[in-house]
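S.K.: Sharing a structure, written as structure tokens. Questions coming.
Any read-out appearing in this document is the output of simple, stated calculations on the displayed coordinates, not a laboratory observation. For clarity, every value in this text was computed on a predicted model and none was experimentally measured. Glycine also receives a Cβ, built like all others from the backbone with ideal geometry; neighbour counts cover every protein chain displayed.
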């Protein structure tokens, strides 16, 4: 293997981690433009942050920039993809095969970024047995039967009143990380990772910003 | 109208705004459980925050809690939905009819929360002319022709290398708020609202947290 990524499994501060996919995107654009090297001031300028921030963030990876020329584009892309866990497919189960759940199953972007949804669960008889892009929907009671030690991620897209209960069920079955798309704050044991992504909360922020600007005119 | 919402169009701090959909979700659960009133300590306890925070957040709305009994559940639900802009349908155009874009068109949850996607745009000949849940995909050049002053929101789900260019096109056509699903930091004029929602950045954070916990064992 040679390439031993000693930092990959360290806990990286969330703001730095969140910027990394942005660095990756900018590097891919640079690659398409035929650039071999990119400097931290240039990355900083595109992202509207301080160059020292770029250097600091990228120091979590194994790639270091060269004086004057900066970072070598292709190795840094490869390093970031590996570092961010995008090159390794993590198997995931999805809970709640409603509109958003099915949308996530169909978004093959997730697979490109390392997340492979292999089974979906619901309680509604009308969706159980259905298949979306090859992912079958099972009754949630089947979780114990279908789960394997490889499945550590659960995606939560159930109705709000089912969120906490379903999270507990997932954890009991062995899920270690919950990607929570509900607006509910989940109560979970300390060793469980929860990533909250409430689309509707983002929508609320956008509406407020837009409507308050309209008001001012 | 009677109900004049003087605070609705004020700029509310983002952390407070982001908690509001969570209050709303908890209130809906309380409503289903048949509760008529809910106290701020109870809400605080469910959400694992301080009761004074709850009181402060909810003071942005027009509803005030009553001593000892707390907030009346149904009026607070209605107020929050109105306050968050979820009761009014905002028309939106979507840019980038790829996998994630189509998923968002199909997620009728967005409509329930006030966002109505009415047209989609792309440049790829193979998707132009297609329809998803009644939303037609047009060539991006048609934007000027199809836009109306009612369309103030644009959803950005194009490939990263098209993100900045497409944002500029949207703004030139009159879009005032961009819901950016790409990991690109957009450069926009001051009067344009940008809401960033990078699913893959959230994924990166979750992978890091999960893999660093696995490492520790």
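S.K.: Angle check, please: helix A:160-173 long axis (alpha carbons) against the longest principal axis of chain A (alpha carbons), in degrees 0 to 90, nearest 10.
M.R.: 80 degrees
S.K.: Another one. Using a 7 Å offset from Cα along the direction of the beta-carbon, what are the separations from residue B:174 to the same position in each other copy, nm, ascending?
M.R.: 5.7
S.K.: Return a whole-number percent for the relative contact order of chain A, with Cα pairs under 8 Å and 6 or more residues apart as the contact set.
M.R.: Rounded, it is 13 percent for chain A.
S.K.: Further question on the same structure: What is the fewest-to-most order of B:117, A:185 by other Cβ atoms lying within 10 Å of their Cβ? Please list the in-between numbers first.
M.R.: Details: B:117 22, A:185 19.
With the sparsest Cβ surroundings first, the list reads A:185, B:117.
S.K.: May I pose another question? So, in Å, what gap is there between the alpha-carbon centers of segment A:164-186 and segment B:171-216?
M.R.: Taking the Cα centre of each part, segment A:164-186 and segment B:171-216 sit 23 Å apart.
S.K.: Any chance you could give the angle, 0 to 90 degrees and rounded to 10, that helix A:73-83 forms with the longest Cα principal axis of chain A?
M.R.: Helix A:73-83 and the main axis of chain A meet at about 30 degrees.
S.K.: Between copies, how far apart are the residue B:11 label points? List them in nm, one decimal, shortest first, with each point 7 Å from Cα toward Cβ, please?
M.R.: Counterpart label points of residue B:11 in the remaining copies fall at 3.3 nm.
S.K.: Please give the helix B:199-216 orientation as an angle from the longest Cα principal axis of chain B, in degrees from 0 to 90, rounded to the nearest 10.
M.R.: 60 degrees
S.K.: Continuing with the same structure: With an 8 Å cut-off on Cα pairs and a minimum separation of 6 or more residues, tell me the relative contact order of segment A:90-201 in percent.
M.R.: Contact order relative to length: 24 percent.
S.K.: Rounded to the nearest 5, what is the percent of antiparallel bridges among the DSSP beta bridges in chain B?
M.R.: 20 percent
S.K.: Turning to a different aspect of this structure: Using a 10 Å cut-off around each Cβ, can you sort B:88, A:47 from fewest to most neighbouring Cβ atoms?
M.R.: Ordered from fewest to most neighbouring Cβ atoms within 10 Å, B:88, A:47 come out as B:88, A:47.
S.K.: Same structure, new question: Just to confirm my numbers, what's the Cα centroid distance between segment B:67-138 and segment B:18-35 in Å?
M.R.: Centre-to-centre (Cα) distance: 21 Å.
S.K.: Kindly state, to the nearest 0.05, the FRET efficiency for residue B:82 paired with residue B:48, given R0 = 30 Å and r defined as their beta-carbon distance.
M.R.: It comes to 0.70.
S.K.: How high is the relative contact order of segment B:9-117, in percent, with contacts defined as C-alpha pairs under 8 Å that are six or more residues apart?
M.R.: Values: 100 pairs, mean separation 25.6, N = 109.
In percent, rounded to a whole number, it is 24.
S.K.: By Cβ position, which chain A residue lies least far from the axis that rotates chain A onto chain B, and what is the distance to the nearest whole angstrom?
M.R.: Chain A residue with minimal Cβ-axis distance: A:103, 2.
S.K.: What nm value, rounded to one decimal, do you get for the distance between residue A:212 and residue A:63 when each label is placed 7 Å out toward the C-beta?
M.R.: The two pseudo-label positions are separated by 3.8 nm.
S.K.: For label points placed 7 Å from Cα toward Cβ, what is the shortest-first list of nm distances from residue A:88 to its copies?
M.R.: When each copy's label point is compared with this one, the spacings are 4.8 nm.
S.K.: Still on this structure, I have one more. Averaged across orientations, what area in nm² does the convex hull of the alpha carbons in the protein assembly as shown project?
M.R.: Numbers: hull surface 93.6 nm².
The Cα convex hull of the protein assembly as shown, projected and averaged over all directions, gives 23.4 nm².
S.K.: Right, something else. Given the rule -39500 (n - 2.57) for each run of at least 4 DSSP H residues, summed and divided by the residues of chain A, what is its mean residue ellipticity at 222 nm, to the nearest 500 deg cm²/dmol?
M.R.: Rounded to the nearest 500, it is -13000 deg cm²/dmol.
S.K.: Kirkwood hydrodynamic radius (Cα pairs, Å) of chain B?
M.R.: 19.7 Å
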